[in-house]
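Read through the structure below, which is laid out as structure tokens, and then see the notes.
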Amino acid sequence: MYDARFHNHIGDEYELFKLACPYYDELQNSVGDLIKENFSDSDIDEIKVLEIGYGKGATSATIINSDKRVKLTAIDNEEIMYPQAVKSLEHIDKDRYELFIDDALGFLKKCQSDSFDVIASGWVIHNFLNKYRLSVLKEIYRVLKPGGLFINADKIEVTDRAQHEMNLKWQIEKFEVYDTIGRPELKKEWTDHYLEDAKPGRALIENEFEEAIRSCGFKSFQILKRWYDDAVALIKNS
């Protein structure tokens with residue numbers, strides 16, 4: 001199991017992260033946009049998508065709405081997120097998705113090989129410690145169908161360390177918005193969270209991420225969009 005990192009105020013009120021992230025919606029929506037773009041000419045009857053870490057359900061919604069053929073299986077190990085995701089998705093036909101409270105690696109190991117067309121994630125993979133993350137990436141490769149897509153919209157730090165430090169400083173300054181709404185505890189928790197993200201052994205750095213991806217067997221790694229230390233990666237297994 002990987003460590004739970006959203007069991008406090010920032011998990012209970014995750015939607016307030018938007019206040020400190022001006023491109024929040026654009027990053028989330030990019031996941032659905034890529035599914036739509038890559039499957040628009042496909043004649044398959046069903047697009048099976050696994051989402052790792054559904055959180056509040058924002059990425060889940062954009063995935064489901066990307067194509068009427070999408071059938072979403074979504075997992076998250078944080079129980080505090082489940083009711084938030086249920087509420088976010090209450091307007092969507094329940095036949096279109098299933099939500100599970102489960103550990104990412106444990107769930108993937110229970111999946112059959114070549115069973116999903118897409119595996120997607122929004123702001124999740126960076127939370128994993130490196131050893132656990134590599135195990136997850138190996139399972140993602142196994143579980144994806146040939147020609148499948150791994151879409152990771154995430155905190156993928158720039159390789160240049162000086163630029164990363166400037167990006168981190170920019171983001172921490174954005175957390176000052178929580179002082180203006182009388183929520184200094186959110187400022188502290190998000191700041192601590194981001195400082196932990198940047199530590200050796202956990203930091204998801206672009207060049208190291210690509211190296212890990214290719215070591216698992218993936219053939220293609222592209223950063224399609226970037227905002228400071230956040231980015232959208234499109235990864236293919238063939």
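Here, each number is a calculation from the coordinates, and none is a lab measurement. This structure is a prediction, so every number in the text was calculated from the model and none was measured. Here the Cβ is made from the backbone with ideal geometry for all residues, glycine too, and neighbour counts use every protein chain on show.
Brief remarks on what is shown
- Pairs with C-alpha atoms separated by more than 32 Å, drawn from the list Lys71/Lys155; Lys94/Lys199; Lys109/Lys188, are Lys94/Lys199; Lys109/Lys188.
- For segment 77-137: rounded, prolate or oblate by the Cα gyration tensor [a/c cutoff 1.5]: oblate
- Using the Karplus relation 6.51 cos²θ - 1.76 cosθ + 1.60 with θ = phi - 60°, the per-residue 3J(HN,Hα) values for segment 122-133 come to x, 6, 10, 4, 5, 6, 7, 5, 4, 5, 5, 4 Hz, with x marking Gly and Pro.
- Cβ-Cβ distance of Ser220 and Thr191, R₀ of 35 Å, FRET efficiency by 1/(1 + (r/R0)^6): the value works out to about 0.50.
- Compared with the direct C-alpha span, the chain from Leu129 to Leu16 gains 38.2 nm at full extension, assuming 0.36 nm per residue.
- Under-5 Å amide H pairs with Tyr97, H placed in peptide plane, nonlocal only: Leu72
- With a Förster radius of 22 Å applied to the C-beta separation of Glu79 and Ile181, the computed FRET efficiency comes to 0.25.
- Cα-based helix-to-principal-axis angle, 206-215 vs the chain, degrees rounded to 10: 30 degrees
- Here's the picture: charge each Lys and Arg Cβ at +1 and each Asp and Glu Cβ at -1 in the chain, and of Leu224, Leu34, Pro146 the one pushed furthest to the positive end of that dipole is Pro146.
- Among (1) 50, 40, 32; (2) 45, 40, 35; (3) 59, 47, 37, the entry that matches Cα extents along the principal axes in Å as calculated here: (1)
- Extension gain for Lys236-Lys110 works out to 43.2 nm (0.36 nm per residue, less the C-alpha to C-alpha distance).
- When only alpha carbons are used to place a centre, segment 7-72 and segment 192-238 end up 18 Å from one another.
- Once the Cα atoms are used to define both axes, helix 184-197 deviates from the longest principal axis of the chain by about 60 degrees.
- Whole-Hz ³J(HN,Hα) from phi, Karplus 6.51 cos²θ - 1.76 cosθ + 1.60, for segment 102-108, glycine and proline x: 7, 7, 4, 5, x, 5, 4
- Using θ = phi - 60° in the Karplus curve 6.51 cos²θ - 1.76 cosθ + 1.60, the 3J(HN,Hα) couplings for segment 26-33 round to 4, 5, 4, 5, 4, 5, x, 4 Hz; x is entered for Gly and Pro.
- Computed extension gain for Gln163 through Asn207, at 0.36 nm per residue and net of the alpha carbon distance, reaches 14.4 nm.
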